[in-house]
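Notes follow once the structure below has been shown.
The values are calculated or read from the model by the stated rules, or taken from the named source; none is laboratory data. Only a predicted model underlies this, so the values are computations on that prediction, with no experimental measurement involved. Here the Cβ positions follow ideal geometry from the backbone for every residue, glycine too, while neighbour counts run over all protein chains shown.
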There are 2 protein chains.
Amino acid sequence: MVGRVHPFTFHNPTRLIFGRGQLSALEQEVPRGASVLLVYGGGSVKRPLAGGTSLYDGVLAHLSNVGATVTELSGVEPNPRLTTVRRGVDLCREHGVDLVLAVGGGSVIDCAKAVAVAAASDRDAWDLILDRSLVTGALPLGVVLTHAATGSEMNPISVITNWETSDKRGWSSPFAYPRFSILDPTFTLSVPRDQTAYGIVDMMSHVLEDYFDFTPNTPLQDRWSEGLLRTLVEVGPRLVADLSDLDLRETVMLCGTWAFNGVLSMGREGDWACHRIEHAISAVHDIPHGGGLSIIYPHWMEYVLEAHPARFAQLATNVFGVSALHRRDADVAREGVARLRAFWNSLGAPARLSHYGIGAEALPRIADLSTLRGETFGTVRPLGRDDALRVLERSL
Amino acid sequence: MVGRVHPFTFHNPTRLIFGRGQLSALEQEVPRGASVLLVYGGGSVKRPLAGGTSLYDGVLAHLSNVGATVTELSGVEPNPRLTTVRRGVDLCREHGVDLVLAVGGGSVIDCAKAVAVAAASDRDAWDLILDRSLVTGALPLGVVLTHAATGSEMNPISVITNWETSDKRGWSSPFAYPRFSILDPTFTLSVPRDQTAYGIVDMMSHVLEDYFDFTPNTPLQDRWSEGLLRTLVEVGPRLVADLSDLDLRETVMLCGTWAFNGVLSMGREGDWACHRIEHAISAVHDIPHGGGLSIIYPHWMEYVLEAHPARFAQLATNVFGVSALHRRDADVAREGVARLRAFWNSLGAPARLSHYGIGAEALPRIADLSTLRGETFGTVRPLGRDDALRVLERSL
């Protein structure tokens, strides 16, 4: 017999600081007198929290306590734009920034990662995103997380959109790991129902993208993937029914981080076709990533499951409790897809592109964008441009 | 509702290099021209592997390729001794060592950790072990793992025995994380059946020590703990039936590392009473740690389970599939204990202290040693000296 899981290296250097009241850790993590670029989004961080002060004010107070000077990059978009990254790089140069601090969700962190690596380079940010081998360093990056979804707080991955070319690109670099991430679930209490649901869809998708492949001999990764999914299947509906439940916020926040920090993908190839197609959609239509995944993922599963029915049946049985007794794997698998779709819909996540006003006429362009360089993508069943179009048509 | 899992920081800086053929990574990890202290045990690393050369020869060849000079600390004991640590520290000083490389299992790594921190200090190693706040640095530490058991390859924990005082002490320090660990399951192929079984008991015990506590709101940690245990319950019997199965070796090796690298204990208090009692046993009787745990753990469970029956019943149901229908938690829990004991015995691990020739007359001294400073220990049910004696008596 041969050991067959692919050789891998796991090295995640992020310091995860988790729990209520942990914001004060900023005073240990930010060097005294540092010049900090504070990166945030549309201003929700300025809303008062339960205690009366806002997260923004709390962060500034801790930074002030260590004598840091603060420059602000605000207005980071939900699908963060290259133009915003470039603005941040200019601010870093102008103010001699030595720490980038992202206060927000995945978009803010992704933007901050691109700023951090580009500010340490002579190259333009887009050059680095297109060719990660050009990345040779980064400013230190810290995170205060306000939304449980992307896992960006503990991974080296970022997604940036170039609107000039309708190109939404995922990229990663070992230099892009946050040095520290502060996760206090109370900061997620004001996330509205739809964003909460999309976050859960996003983290489940991250698990699924690595779960569906042909890598043999991954029982531990499988049990942990299924365990994380089952945790979300258990707590998700309770959370969208009571958004103020901090226990559930805490669990979902922890799940989001561990869904996509490298543990579940150890030695696996993964597939990632759905993320590719969703990025193509949201490079043209500015829709929430989790909403797009909720639509595409089940249709993709139905389109490809005959290529590897045992694996899809395993999800159905081990996560959704579908009986496999006296049944073909593919039938068990299809029942699992239906259960997954119904689960996401029950949280309030959409099932059809029409939810976002996207019609048949938009699909050929999206299919083109998903295979910009004519390549196939995915591993369970490699997809070309016409396959992408077919998955999109099923999703109308 | 309140978020109740204890605040925690997770930061594991070890670079885990996993898979067949990864030994050559030494040439990336060891700096050119380094002075290396090579730490190993009784010489099993010098036995030829399937390819004809030994692991020892392979390591020396890679070190030679990067121009490293090598000093050897060999003969590290199964329960590594303070005297050996001191010998290693002397060698580090004498030869200007700048990297400690442990090639072996948990004992060799634990010894190398103590050498690495003591060589960077003016203090004697035992002072540092008794008071970890005195540890202020360490020589860089690398690992080539040859036995799946303790998890020492990816945690900051070490256990050293001072035979002069019959004191076996666990200690840890953030400085004691290995910088890198190379895990090639082919290096575990020659581990005999009993050591293989003890390793599985040891890693399962690490999971259980954190699983049994009163920390609320830990569903993800629970599902992952149960998933790792179920993986070992599935593959363990197959591996002891065919020790040459590399797929199973691979799975068990991965489980050993992730059982005890900080992930499953996130935010948890844990209990750790059984490790305390087992350390007291093996500070007097030089028995295998996993063998001692296999005896003590089920008896401890029976002794304390009425203090928290729901938790023990959860193990029974979620790991061993014991039905909870129409039954009291404590009864479900007891059936789970019986299943755990039977499982370990089926691997060849012992159930009674008599297996090692330990009789009633030895127990008072062991009970004394488990509460050297008169303190109680454990959290599910805090134990004093007489409780320890009672658990030991049940284990005769």
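Of all the residues that make up the stretch A:221-269, how many are touching a strand residue (DSSP E or B) at 6+ places or on another chain (Cβ under 9 Å) and facing chain B (nearest Cβ under 8 Å)?
Going through the stretch A:221-269 one residue at a time, the tally reaches 5.
One line per residue, one yes/no per condition, for (1) at pLDDT below 95; (2) out of contact with any His (no Cβ under 6 Å at 6 or more places or on another chain); (3) within 14 Å of B:VAL5 (Cα to Cα):
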| position | (1), (2), (3) |
| --- | --- |
| B:VAL207 | no, yes, no |
| B:PRO219 | no, yes, yes |
| B:ASP222 | no, yes, yes |
| B:SER225 | no, yes, no |
| B:LEU248 | no, yes, no |
| B:LEU254 | no, yes, no |
| B:THR257 | no, yes, no |
| B:GLY267 | no, no, yes |
Pick from B:ALA120, B:ALA116, B:ALA149, B:ALA102: which is within 25 Å of B:LEU26 (Cα to Cα), over 17 Å from the mean Cα position of the chain (by Cα) and surrounded by 22 or more Cβ atoms within 10 Å (Cβ to Cβ)?
B:ALA116
Among the candidates A:GLU302, A:GLU278, A:GLU306, A:GLU269, single out the residue that is free of Cβ contacts under 8 Å to residues at least 24 places away in the same chain and among the acidic types (Asp, Glu).
A:GLU278
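From the list B:SER172, B:SER121, B:SER205, B:SER133, which one is in contact with a Lys or Arg (Cβ under 8 Å, 6 or more places away or on another chain) and either polar (S, T, N, Q) or in the same structural domain as B:SER24 (by TED's automatic domain parsing) (or both)?
B:SER172
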Among the listed residues A:PRO192, A:PRO174, which satisfies the condition of being more than 29 Å from A:TYR356 (Cβ to Cβ) and of a type outside the set (Gly, Ala, Ser)?
A:PRO174
Count - residues of the stretch A:227-246 that are surrounded by fewer than 24 Cβ atoms within 10 Å (Cβ to Cβ), without any contact (Cβ under 8 Å) to a residue 60 or more places away in the chain and either touching a His at 6+ places or on another chain (Cβ under 7 Å) or not aliphatic (A, V, I, L, M) (or both)
6
Those residues of the stretch A:332-354 which are part of a helix (DSSP H, G or I), within 23 Å of the chain's Cα centre (by Cα) and over 16 Å from A:VAL304 (Cβ atoms), in sequence order
A:ARG339, A:ALA342, A:PHE343, A:TRP344, A:ASN345, A:SER346, A:LEU347, A:LEU353
Does A:ASP124 satisfy the criteria of being of a type in the set (Asp, Glu), in contact with a helix residue (DSSP H, G or I) (Cβ under 9 Å, 6 or more places away or on another chain), in contact (Cβ under 8 Å) with a residue 24 or more places away in the chain and farther than 23 Å from A:LEU60 by Cα?
yes
For B:VAL5, the lone unmet condition from (1) more than 11 Å from every other protein chain (Cβ to nearest Cβ); (2) more than 23 Å from the chain's Cα centre (by Cα); (3) more than 23 Å from B:THR257 (Cα to Cα) is (1)
Selection status of A:SER152, among the hydroxyl-bearing types (Ser, Thr, Tyr) and within 11 Å of another protein chain (Cβ to nearest Cβ)
no
Report whether or not B:ARG81 is of a type in the set (Lys, Arg), modelled with pLDDT of 95 or more, under 21 Å from the mean Cα position of the chain (by Cα) and within 15 Å of B:SER107 (Cβ to Cβ).
yes
Within the stretch B:208-220, which residues are in a loop (DSSP other than H, G, I, E, B) and at the interface with chain A (Cβ under 7 Å from one of its Cβ atoms)?
B:ASN217
If only one of B:ARG193, B:ARG179 is within 14 Å of another protein chain (Cβ to nearest Cβ), modelled with pLDDT of 95 or more and within 30 Å of A:ARG4 (Cα to Cα), which one is it?
B:ARG179
Please go through (1) touching a residue at least 40 places away in the same chain (Cβ under 8 Å); (2) under 21 Å from A:PRO237 (Cα atoms) for A:SER354 and return the number of the only condition it doesn't satisfy.
(2)
Output for Cβ contacts, cut-off 8 Å, separation at least six or different chains, first residue assigned by TED's automatic domain parsing to the domain that holds A:TYR211 and among the small types (Gly, Ala, Ser) in the stretch A:360-379, second surrounded by 14 or more Cβ atoms within 10 Å (Cβ to Cβ) and assigned to a loop (DSSP other than H, G, I, E, B), reads A:ALA360/A:LEU396; A:ALA362/A:HIS285; A:GLY378/A:ASP271; A:GLY378/A:TRP272
Looking at (1) among the hydrophobic types (A, V, I, L, M, F, W, C); (2) surrounded by fewer than 19 Cβ atoms within 10 Å (Cβ to Cβ); (3) within 12 Å of chain A (Cβ to nearest Cβ), can you tell me which one B:ALA61 breaks?
(3)
Residue satisfying condition, being farther than 30 Å from B:ARG193 by Cβ, at pLDDT 95 or above and among the aliphatic types (A, V, I, L, M), within set B:LEU315, B:LEU305
B:LEU305
Looking at the stretch B:20-45, which of its residues are facing chain A (nearest Cβ under 7 Å) and in contact with a helix residue (DSSP H, G or I) (Cβ under 8 Å, 6 or more places away or on another chain)?
B:ARG20
